[in-house]
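Participant: For reference, the structure I am asking about is given below.
The values are calculated or read from the model by the stated rules, or taken from the named source; none is laboratory data. The structure displayed is predicted, hence computed values, not measured ones. We place every Cβ from the backbone using ideal geometry, glycine too, and count neighbours over all the protein chains shown. We work out accessible area using only protein heavy atoms, side chains counted, and drop any ligands, DNA or RNA first. Shrake-Rupley method; radii C 1.70, N 1.55, O 1.52, S 1.80 Å.
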Amino acid sequence: MSELNIAIADDNQQTLDLLTEILEGEEGIRIVGKADNGEDAYNMIMKTSPDVVLLDVIMPKMDGISLVKEIQKMTKKPLIAAISGFDEFDYAVEMMRNGVNEYILKPVDRDKLAKVLKKFDDIITEEKESYEKQRQVVYQQMQYMMIYDNVTHKEMQSITEMARAYFQVK
C-alpha cells in the first residue's frame, strides 16, 4: 500500500480511539488529523488535504452530510468513508448521493476498514498513474509545438490550456 494520509472525524471518543489504534498499526497509513465535530473536521481537512476522510454521520456543529457537501466543493477531493451506527438504507443512499465513497457500520470491523482502505489506495494509485500518462502526453505535445513551425495559434492555445491543467500540483 502506498502512503495514505487520513483524517478522522467522530464525536465519539471511543470510536476516535479505536480508529486511531487500528490505523496506527497499519503500514503506509498516516493520520494527519482528528476532529470531534463537523466544523473542526472541515477546517482540518482544508488545512491537511488528506487522501481519505473517515467521518461520522452525526456530529455536532456540522453533520456528516453537510460536511460531505462542503468537501465536494474542494479542488482536491479526498475519498470519503462514512461511519455510522445507523443501518438505514435511505441514509446510506443519501450519503452516497452526496459524494461518500463507502459506508461503514459501527462498531467498526478491522477487516472491513482494511478492505475499504485497500480499495481507496487502488483508486488513488490508478488516478496517479492516469495523471502521469496524461502529463506525458501534454509534455510531448509541447515538445512538438517547439520543434515544428506549422502549429496554429489555436493549437498552441489548446495545448497551453491542457498543460496548465495537468502541470498543476495535485
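Participant: Being closer than 30 Å to TYR103 by Cβ, free of Cβ contacts under 8 Å to residues at least 60 places away in the same chain, charged (D, E, K, R) and out of contact with any Lys or Arg (no Cβ under 8 Å at 6 or more places or on another chain) narrows it down to one of GLU126, GLU155, so name that one.
Facilitator: Going through GLU126, GLU155 in turn, the sole match is GLU126.
Participant: All but one of (1) under 23 Å from GLU21 (Cβ atoms); (2) touching a Lys or Arg at 6+ places or on another chain (Cβ under 9 Å) hold for GLY99; state the number of the condition that does not hold.
Facilitator: Just one mismatch for GLY99, condition (1).
Participant: Can you tell me which condition ALA41 does not meet? The list is (1) in contact (Cβ under 8 Å) with a residue 24 or more places away in the chain; (2) in a helix (DSSP H, G or I); (3) surrounded by fewer than 15 Cβ atoms within 10 Å (Cβ to Cβ), and all the others hold.
Facilitator: Result: ALA41 passes all but (3).
Participant: Against the conditions (1) in contact with a Ser or Thr (Cβ under 9 Å, 6 or more places away or on another chain); (2) farther than 29 Å from ARG164 by Cβ, where does VAL32 fall short? Just the number, please.
Facilitator: (2)
Participant: Just to be sure before I move on: is LYS73 touching an Asp or Glu at 6+ places or on another chain (Cβ under 9 Å), open to solvent by 60 Å² or more (accessible area, probe 1.4 Å) and charged (D, E, K, R) in the structure I sent?
Facilitator: Spelling it out, it is not the case that LYS73 is touching an Asp or Glu at 6+ places or on another chain (Cβ under 9 Å), open to solvent by 60 Å² or more (accessible area, probe 1.4 Å) and charged (D, E, K, R).
Participant: Answer yes or no: is there a residue in region 82-97 that is open to solvent by less than 70 Å² (accessible area, probe 1.4 Å), within 28 Å of ALA165 (Cβ to Cβ) and in contact with a helix residue (DSSP H, G or I) (Cβ under 6 Å, 6 or more places away or on another chain).
Facilitator: no
Participant: While we're on this one: Quick check: anything in region 54-69 closer than 23 Å to SER2 by Cα, β-branched (Val, Ile, Thr) and surrounded by 15 or more Cβ atoms within 10 Å (Cβ to Cβ)?
Facilitator: no
Participant: Still on this model: Quick one: in region 119-130, of everything that is among the charged types (D, E, K, R) and under 21 Å from GLY25 (Cβ atoms), which residue is most open to solvent (accessible area, probe 1.4 Å)?
Facilitator: LYS119
Participant: What do you reckon, is LYS133 closer than 28 Å to THR20 by Cβ, among the charged types (D, E, K, R), open to solvent by 60 Å² or more (accessible area, probe 1.4 Å) and in a helix (DSSP H, G or I)?
Facilitator: In short, no.
Participant: If you scan region 102-118, which residues turn out to be under 14 Å from the mean Cα position of the chain (by Cα) and either surrounded by fewer than 18 Cβ atoms within 10 Å (Cβ to Cβ) or closer than 19 Å to ASN37 by Cα (or both)?
Facilitator: Selection gives LYS118 alone.
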